[in-house]
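The values are calculated or read from the model by the stated rules, or taken from the named source; none is laboratory data. Here the structure is a predicted model, which means the values were calculated and not measured. Cβ placement follows ideal geometry from the backbone for every residue including glycine, while neighbour counts extend to all protein chains displayed. Quick note on the areas: whole protein, heavy atoms, side chains included, nothing else; ligands and nucleic acids left out. Shrake-Rupley method; radii C 1.70, N 1.55, O 1.52, S 1.80 Å.
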Amino acid sequence: MLVNNAGIQRRVKFRDDVAGWAERTQEIAINFEAPIHLSALFLPQLIGKRAATIVNVSSGLAFLPVTFAPVYAATKAGLHSFTIALRADLRDTSVSVIEIVPPMVDTGLGGTGIHAEGVSVDIFVEAVIERIAAGEVEIGYGMSDTLRTADRQELTMIMAKI
């Protein structure tokens, strides 16, 4: 099993971002390039197994292009798209591809205390494990389930509130 679970979330509006390109590319590399690179490196070994899984952790923000973290949201949207394509590409192999789509979870992502009002890690992980056991391949929780299943009109209404 390969679990691609890494993320940098730079919380800055793009128009106000004065960071150098190296800082921006680090966010892109960690969130988007690394899961693709690791999948490419591990896939030959995984395909040789009787059963194997690649798990990509994206974000509810993959479905909601927020202004407070636009590069993060874009990288997670790219990872979501890659995950769908990879799942289709591997459908006739022994490798399954699962996407976990977290909502705001109480972790240190983006800085200490930023996600303190998010769901606890323990509750989120328990829910995800149950849904993996049930055979789901795209798993959200709470608001991220709302975002990943919403249509454009619903997403526009949600964006107008933030």
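If you take the residues of the range 44-66 that are touching a Lys or Arg at 6+ places or on another chain (Cβ under 9 Å) and in a loop (DSSP other than H, G, I, E, B), which of them is most open to solvent (accessible area, probe 1.4 Å)?
Among those residues, the one meeting the criterion is 63.
So residue 32 passes all but one of these: (1) closer than 30 Å to residue 153 by Cβ; (2) open to solvent by 60 Å² or more (accessible area, probe 1.4 Å); (3) over 12 Å from the mean Cα position of the chain (by Cα). Which condition number does it fail?
That leaves (3) as the condition not met.
Say whether the condition of being open to solvent by less than 10 Å² (accessible area, probe 1.4 Å), farther than 25 Å from residue 162 by Cβ and out of contact with any Pro (no Cβ under 9 Å at 6 or more places or on another chain) is met by at least one residue in the range 80-93.
For the range 80-93, residues open to solvent by less than 10 Å² (accessible area, probe 1.4 Å), farther than 25 Å from residue 162 by Cβ and out of contact with any Pro (no Cβ under 9 Å at 6 or more places or on another chain): present.
Going by what's in this entry, would residue 69 be described as over 20 Å from residue 98 (Cβ atoms), open to solvent by less than 30 Å² (accessible area, probe 1.4 Å) and touching a Pro at 6+ places or on another chain (Cβ under 7 Å)?
Spelling it out, it is not the case that residue 69 is over 20 Å from residue 98 (Cβ atoms), open to solvent by less than 30 Å² (accessible area, probe 1.4 Å) and touching a Pro at 6+ places or on another chain (Cβ under 7 Å).
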